[in-house]
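Report on the structure given below.
The values are calculated or read from the model by the stated rules, or taken from the named source; none is laboratory data. The structure presented is a predicted model; accordingly, all values stated were derived computationally and were not measured. Cβ placement follows ideal geometry from the backbone for every residue including glycine, while neighbour counts extend to all protein chains displayed. Surface accessibility is based on the protein's heavy atoms, side chains included, excluding ligands, DNA and RNA. Shrake-Rupley method; radii C 1.70, N 1.55, O 1.52, S 1.80 Å.
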Amino acid sequence: LIGVSVHHQHSPSQPEQGSTFFTTTLNLSKVILGSGMLVIPMAFKKLGAAVALVFLSIVGLLTWVTISGLAYAADKTGKDTYA
């Protein structure tokens, strides 16, 4: 994410609850990569390489826009969680 930082505010007297930013990012990456590994070969076989690459590029762009929007919102609001 370009130029976006997420700051954690944690009090030493209170134990941290929930997932950390790192574990959340890792879990999200595993889900995205896992489903992609299952679907992409079938898409290339059924659609052909050219059409599949176009769709893959579109999905990649939409993913980048979505993640950038979430990071921008997190940076502007100072929040690093949905809760």
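Overview of results
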| quantity | calculated |
| --- | --- |
| Estimated vicinal HN-Hα couplings, Hz - segment 29-43 in sequence order (Karplus 6.51, -1.76, 1.60; Gly, Pro = x) | 5, 5, 5, 5, 5, x, 5, x, 5, 7, 9, 4, x, 5, 5 |
| Label point distance in nm, Val65-Lys46, each placed 7 Å from Cα along Cα→Cβ | 2.4 nm |
| Karplus 3J(HN,Hα) series, Hz, for segment 21-28 with 6.51 cos²θ - 1.76 cosθ + 1.60 (x for Gly, Pro) | 4, 4, 5, 5, 5, 4, 5, 5 |
| Within the accessible area of segment 25-80 (1.4 Å probe), percent carbon and sulfur | 77 percent |
| Distance between modelled label sites at Val54 and Ala73, nm, 7 Å Cα→Cβ extension | 3.1 nm |
